[in-house]
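Asks: The following block contains the structure, expressed as structure tokens.
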Ligand SMILES: [Fe+2]
Ligand SMILES: [Fe+2]
């Protein structure tokens, strides 16, 4: 059976699969950094984030299967990071989510120009998802700046550390739930 999506969209989606795995890999590195630096809650949060990104890759893969499209498996490029502060990954995560949003928007734009309504409908879930991802990343960074950085001065080192511990406990409460878009 012939694929019902264009070659251009097929390539963009294959590239997106690679980008989702790269996101997953990036977040695993953040989790690793936090694990080594005494923040198991932050580490757990990013480990769940990494699992969700791998799920996103599977949802795109599923779509290519459903549309009888050949999948291209592009090599995954791991970024080798040299994280220097607790704040840095939070800032990078926000920047990265914005990059992914752009990438998904580009596929949508292409589908729109081709009147590929099926792909547009499929992508609408990801557009909502990216909106949430950006909000979550922004909130994480804002909470850190407000509660931790905002309490960090020489005379309030105690408050700074207790705010960080409290934030780590809170973020550690996140539970992984597989996406409803993933077929069992
Ligand atoms: Fe994703
Ligand atoms: Fe994401």
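Asks: What is the order of 96, 65, fewest Cβ neighbours within 10 Å to most? If you can, show how the numbers build up before the last one.
Replies: Values: 96 21, 65 11.
Lowest to highest Cβ neighbour count: 65, 96.
Asks: Angle between the Cα long axis of helix 88-113 and the longest principal axis of the chain, 0 to 90 degrees, nearest 10?
Replies: Relative to the chain, helix 88-113 is tipped by roughly 20 degrees.
Asks: How big is the chain by Rg and Dmax over its Cα atoms, in Å?
Replies: 18.7, 70
Asks: Using a basic spin-label model with each label point 7 Å from the Cα along Cα→Cβ, how many nm lie between residue 157 and residue 51?
Replies: For residue 157 paired with residue 51, the spin-label model returns 3.7 nm.
Asks: Using a Debye calculation, one point per C-alpha and no hydration shell, please list log10 I(q)/I(0) for region 104-184 at q = 0.12, 0.20, 0.27 Å⁻¹ in order.
Replies: Values returned for q = 0.12, 0.20, 0.27 Å⁻¹ are -0.58, -0.92, -1.20.
Asks: Where does the Debye-calculated log10 I(q)/I(0) of region 94-138 sit at q = 0.29, 0.33 Å⁻¹, using only Cα point scatterers of equal weight, no solvent?
Replies: So the normalised log intensities work out to -0.95, -1.10.
Asks: Here is a follow-up. How much length would be gained if the chain were fully extended between residue 79 and residue 113, taking 0.36 nm per residue of separation minus their Cα-Cα distance, in nm to one decimal?
Replies: 8.9 nm
Asks: How many percent of Cα pairs in region 1-103 exceed 15 Å?
Replies: More than 15 Å apart: 64 percent of the Cα pairs in region 1-103.
Asks: Shape verdict for region 3-61, please, from the Cα gyration tensor: rounded (a/c under 1.5), prolate (a/b greater than b/c) or oblate.
Replies: On the way: a/c = 6.80, a/b = 3.42, b/c = 1.99.
Because a/c hits 1.5 or more and a/b exceeds b/c, region 3-61 counts as prolate.
Asks: Could you work out the helix-only [θ] at 222 nm for the chain, with each DSSP H run of four or more residues adding -39,500 (n - 2.57) and the total divided by the number of residues, to the nearest 500 deg cm²/dmol?
Replies: Details: 5 runs with 125 residues, N = 184.
Theoretical 222 nm ellipticity from helices: -24000 deg cm²/dmol.
Asks: Let me check against my output: what whole-number percent is the relative contact order of the chain, with C-alpha pairs under 8 Å and at least 6 apart? Numbers along the way, then the final one.
Replies: Numbers: 186 pairs, mean separation 53.9, N = 184.
About 29 percent, as a whole number.
Rule-based calculations on the coordinates, nothing more; no lab input. What you see is a predicted model; the values in this text were computed from it and never measured. Here Cβ is always computed from backbone atoms with ideal geometry, including for glycine, and neighbour counts include all displayed protein chains.
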